[in-house]
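Colleague: I'd like to ask you about the structure that follows.
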Amino acid sequence: MIIKETFLQKLRNAFNLNIYEVKIWTALLSRGVSTAGELSDISEVPRSRSYDVLETLEKKGFVIMKLGKPIKYLAIKPEDIVKRVKQNVKNKLDKKLKQLEDVKSTAFFGELKKLHTNGIKLVEPSDFTGSLKGRENIYDKMGNMIESAKESIVLVTSSKGLIRKAKILNRKIKKLKDRGVKIKIVAPINKENLSVVKELSQFAEVRNTRKINARFMVIDNKEVVFMVLDDEDVHASYDTGIWMNTPFFANSLINMFNVVWENLEDSKSVLAKLGK
């Protein structure tokens, strides 16, 4: 049996198996029912190891051992294995999440918060900065910042960027408005993002721009994340953002933003012109 190494590697990654396990398993899948000796010959796994490997696969739920002589092994359908693996992953994740949630109610967690609060006074302002590599990491950071907002959110982005960020905002924006957080969004409005603008306008002030080519977000006039590259020219995995927690810089940025904001066209006017 000849199976490409790339295929075996994909199985190893997907199901967390070692090389002997994927070789024996795929050999059994190709036969349906087989003995350990036959599977050893097909898979080129040493016979001395094949019994141990099959025992491990049985414990993991990938094969069933049939009673009788000689002992034979039965392959379980791949779709049943995927269901079982998914359930196992979910159970482990739920257990881990519960453990983490339980930590918050312990004295140990209180000590951690106290350590951070007291220690943060000794940190240099320049340490409150960081580089974010990749759009997924940037958006994760932005999502956390949005959740922590208490007073205001200012977002300036591109047309396509607004569509992408709407996926983050839509899950949180209604709760933010209910908490009294004021949200201002600036982006080029066009037919491509019109439905997104209409949806966001229910909970935020959205204004149109044709001249501003910038990508940044400011939370509560103190925390900033801004992108250093044009999203039209960079692949998502190479996008780069800078995070800063500095009221001085944030306020300077907001002061300039406010001057421009007053001269921008409201999204409702744009929607009215387009008959939406």
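The values are calculated or read from the model by the stated rules, or taken from the named source; none is laboratory data. Computed from a predicted structure; not experimentally measured. Quick reminder, even Gly has a Cβ in these numbers, built from the backbone with ideal geometry, and neighbours come from all protein chains shown.
Colleague: So which of ARG215, ARG171, ARG207 is closer than 24 Å to GLU147 by Cα and at pLDDT below 90?
Modeller: On the way: ARG215 fails: at pLDDT below 90; ARG207 fails: at pLDDT below 90.
Just one listed residue meets the conditions, ARG171.
Colleague: Still on this structure: When the residues of segment 220-229 are narrowed to those that are more than 15 Å from LYS165 (Cβ to Cβ) and in contact with a helix residue (DSSP H, G or I) (Cβ under 9 Å, 6 or more places away or on another chain), which ends up surrounded by the fewest Cβ atoms within 10 Å (Cβ to Cβ)? I'd like the intermediate steps shown before the answer.
Modeller: Looking only at segment 220-229, we keep the residues that are more than 15 Å from LYS165 (Cβ to Cβ), and these are 220-224, 228-229.
If we keep only those that are in contact with a helix residue (DSSP H, G or I) (Cβ under 9 Å, 6 or more places away or on another chain) as well, we get 220-224, 229.
Numbers: ASP220: 16, ASN221: 15, LYS222: 18, GLU223: 19, VAL224: 24, LEU229: 13.
Taking the candidates together, the pick is LEU229.
Colleague: State yes or no: is PHE216 free of Cβ contacts under 8 Å to residues at least 60 places away in the same chain, closer than 20 Å to TYR139 by Cβ and among the aromatic types (Phe, Trp, Tyr)?
Modeller: Details: free of Cβ contacts under 8 Å to residues at least 60 places away in the same chain: no; closer than 20 Å to TYR139 by Cβ: yes; among the aromatic types (Phe, Trp, Tyr): yes.
No; evaluated as a whole, the condition is false for this residue.
Colleague: With the requirement that a residue be closer than 17 Å to GLU223 by Cβ and assigned to a helix (DSSP H, G or I), what does segment 155-202 give you?
Modeller: Matches in segment 155-202: LYS165, ILE168, LEU169, LYS172, LEU176.
Colleague: Right, here's the next one. Can you pull out every residue in segment 230-276 that is surrounded by 13 or more Cβ atoms within 10 Å (Cβ to Cβ), assigned to a loop (DSSP other than H, G, I, E, B) and under 32 Å from the mean Cα position of the chain (by Cα)?
Modeller: ASP231, VAL234, ASP239, THR246
Colleague: Would you check which residues across segment 1-21 are modelled with pLDDT of 90 or more and in a helix (DSSP H, G or I) and list them?
Modeller: Once the filter is applied, which keeps residues that are modelled with pLDDT of 90 or more and in a helix (DSSP H, G or I), segment 1-21 yields ILE19, TYR20, GLU21.
Colleague: Identify, please: which residue in segment 145-154 is outside any helix (DSSP H, G or I) and more than 15 Å from ARG207 (Cα to Cα) and is, among those, nearest to the chain's Cα centre (by Cα)? Don't jump to the end; show me each part of the working.
Modeller: Going residue by residue through segment 145-154, those that are outside any helix (DSSP H, G or I) are 149-154.
If we keep only those that are more than 15 Å from ARG207 (Cα to Cα) as well, we get 149-152.
On the way: ALA149: 20, LYS150: 24, GLU151: 26, SER152: 24 Å.
Out of the qualifying residues, it is ALA149.
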